[in-house]
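Trainee: Quick one: the structure is below, and I'll ask about it shortly.
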Amino acid sequence: MDRLDKVISATGKKSRKEVKLLVRQGRIMVDGVPAVAAEMKVDPETAEILLDGEKIRYEKYTYLMLHKPAGVLSAVEDSRQRTVLDLLPQELRRRDLSPVGRLDKDTEGLLLLTNDGALAHQLLRPKSHVDKVYYARVAGELEASDCEAFASGMTLGDGFTCMPAGLEILSPCEALVTLQEGKFHQVKRMLAARGKPVVYLKRLSMGSLRLDETLTPGEYRPLTAEEVEGLRSTVNALISTERQKMRKGFC
Ligand code: URA
């Protein structure tokens, strides 16, 4: 059994404070009767909880899409600097959420936060090759030869050979970069190796999950059921491709 406000706030849709008010306004029903208190105990697996007549689904895991602003670390905690977790209200910070992958401190854009360790692991495994798309602005002029270098798998200064990547030029100093891996500073290092240092970087998507552009930097929202399902399908498709390759002896 769990407190009603805890069960609802775990969905990321309402804070505990809001639940308190909604209960007072008689807008929450539990098993057909108006909720009496935000602290009342409910069985999250079986109770029917309605908010304004709409069913609140119990969710074992929390999935949030954050529009990461520049200036915060993609970490759970840091003794000196603000992290992405500091952008969330207390009740969500208690949910053991972690960022799925890292964006540099000065990079903005899509960051998935979840406590579903299995899904996060599948998305981050080096073998998963989930597409990540970034918008990059550079100093210098991008040219067709940069696209060819990205597509052929560049070797960086430290000897690391990148997987083939996409570079779609939008204007002489802007491009969309698609990577299937996520090495430290990878977009910046690839573009710097072409003599076009990045001056602004924003992640737009990860697999099927796209940044909701209605979120301003620093804002977050829960993923929809379709978005969660989309990520699971991405991961399952990658696993089954990997298995097929193993059966054929490619790995
Ligand atoms: N590549 C980078 O260089 N930085 C990021 O934050 C993400 C990808």
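The values are calculated or read from the model by the stated rules, or taken from the named source; none is laboratory data. It should be emphasised that the depicted structure is a prediction, and the values quoted were computed from it without experimental measurement. Here the Cβ positions follow ideal geometry from the backbone for every residue, glycine too, while neighbour counts run over all protein chains shown. Quick note on the areas: whole protein, heavy atoms, side chains included, nothing else; ligands and nucleic acids left out. Shrake-Rupley method; radii C 1.70, N 1.55, O 1.52, S 1.80 Å.
Trainee: Note down the net charge around residue 124, summing +1 for each Lys or Arg and -1 for each Asp or Glu among other residues with Cβ under 13 Å from its Cβ.
Mentor: Around residue 124, the charge tally is +3.
Trainee: Can you tell me the FRET efficiency between residue 229 and residue 193 if r is taken as the Cβ-Cβ distance and R0 is 25 Å, rounded to the nearest 0.05?
Mentor: Values: r = 38 Å, r/R0 = 1.51.
Efficiency, from the Cβ-Cβ distance: 0.10.
Trainee: Any chance you could run the full-extension gain for residue 212 through residue 160? It's 0.36 nm times the residue separation minus the Cα-Cα distance, nm to one decimal. Intermediate results must be reported in sequence, preceding the final value.
Mentor: Working: separation 52, 0.36 × 52 = 18.72 nm, distance 3.31 nm.
Here the segment from residue 212 to residue 160 would lengthen by 15.4 nm.
Trainee: Now a separate question. At q = 0.20, 0.21 Å⁻¹, what is the base-10 log of I(q)/I(0) for segment 17-80 according to the Debye formula with one equal point scatterer per Cα and no solvent? Please give it to two decimals.
Mentor: -0.81, -0.85
Trainee: So for the chain: antiparallel DSSP bridges make up what percent, rounded to the nearest 5?
Mentor: Bridges in the chain are about 95 percent antiparallel.
Trainee: Under the classification rounded if a/c is under 1.5, otherwise prolate if a/b is larger than b/c and oblate if not, where does segment 99-208 fall, given a ≥ b ≥ c as square roots of the Cα gyration tensor eigenvalues? Intermediate values should be presented prior to the final figure.
Mentor: Details: a/c = 2.03, a/b = 1.57, b/c = 1.29.
Because a/c hits 1.5 or more and a/b exceeds b/c, segment 99-208 counts as prolate.
Trainee: Once you charge only the Cβ atoms, +1 for Lys and Arg and -1 for Asp and Glu, what is the size of the charge dipole of the chain about its Cα centre, to the nearest 20 debye?
Mentor: Value, rounded to 20: 520 debye.
Trainee: Okay, next question. What ranking do 176-187, 70-81 get when scored by the average of other Cβ atoms within 10 Å per residue, highest first?
Mentor: Highest-to-lowest ranking by the protection proxy: 176-187, 70-81.
Trainee: A further question on this structure: Could you give the spread of the C-alpha atoms of segment 1-107 along their three principal axes, from largest to smallest, in whole angstroms?
Mentor: 49, 23, 22 Å, listed from the longest principal axis down.
Trainee: Can I ask one more? Which residues among segment 194-224 fall inside the zone where the amide N is under 11 Å from a point 7 Å beyond the Cα of residue 57, along Cα→Cβ?
Mentor: Within reach of a label on residue 57: 223-224.
Trainee: How high is the relative contact order of the chain, in percent, with contacts defined as C-alpha pairs under 8 Å that are six or more residues apart?
Mentor: Answer for the chain is 19 percent.
Trainee: Among residues other than residue 133 whose Cβ falls under 12 Å from its Cβ, what is the net charge (Lys/Arg +1, Asp/Glu -1)?
Mentor: Net charge in that neighbourhood comes out at +2.
Trainee: Once both axes come from the Cα atoms, what is the angle between helix 225-247 and the longest principal axis of the chain, in degrees from 0 to 90, rounded to 10?
Mentor: Tilt of helix 225-247: around 50 degrees.
Trainee: Using a 1.4 Å probe and ignoring any ligands, DNA or RNA, find the accessible area of residue 1 and quote it in Å² to the nearest 10.
Mentor: 150
Trainee: Tell me whether segment 163-251 comes out rounded, prolate or oblate; compute the Cα gyration tensor, take square roots of the eigenvalues as a ≥ b ≥ c, and use a/c under 1.5 as the rounded threshold.
Mentor: oblate
Trainee: Compute a Gaussian network model of the chain, connecting alpha carbons closer than 10 Å, and tell me which residue from 207, 153, 109 fluctuates the most.
Mentor: Top of the fluctuation ranking is 153.
Trainee: Mind checking the per residue accessible area of the chain for me, 1.4 Å probe, whole number of Å²?
Mentor: Result: 53 Å² of accessible area for each residue.
Trainee: Right, here's the next one. Need the full-extension length gain, residue 127 to residue 148, defined as separation in residues times 0.36 nm minus the C-alpha distance. One decimal, nm.
Mentor: Length gained, residue 127 through residue 148: 5.2 nm.
Trainee: While we're looking at this one, here's another question. Which lysines, on any chain, are close to residue 68 with Cα under 26 Å apart, when same-chain ones fewer than 8 places away are left out?
Mentor: Answer for residue 68, where 26 Å is the Cα cut-off: 6, 13, 14, 17, 60, 105, 127, 132, 183, 188, 196, 202, listed by chain and number.
Trainee: Determine, from the Cβ-Cβ distance of residue 176 and residue 247 and an R0 of 45 Å, the FRET efficiency 1/(1 + (r/R0)^6), rounded to the nearest 0.05.
Mentor: Taking R0 as 45 Å, the efficiency between residue 176 and residue 247 is 0.85.
Trainee: Let me ask something else. Could you point to the residue in 178, 47, 152 farthest towards the positive end of the chain's charge dipole, with +1 and -1 charges on the Cβ of Lys/Arg and Asp/Glu respectively?
Mentor: Selected residue: 47.
Trainee: If a/c stays under 1.5 just call it rounded; otherwise compare a/b with b/c (prolate if a/b is bigger, oblate if not). Do that for the chain, with a ≥ b ≥ c from the square roots of the Cα gyration tensor eigenvalues.
Mentor: Note, shape of the chain comes out prolate.
Trainee: With +1 on each Lys and Arg Cβ and -1 on each Asp and Glu Cβ, and nothing else charged, work out how big the dipole of segment 87-235 is about its Cα centre, in Debye to the nearest 20.
Mentor: Working: 19 positive and 21 negative charges, 105 e Å.
Dipole magnitude for segment 87-235 comes out near 500 debye.
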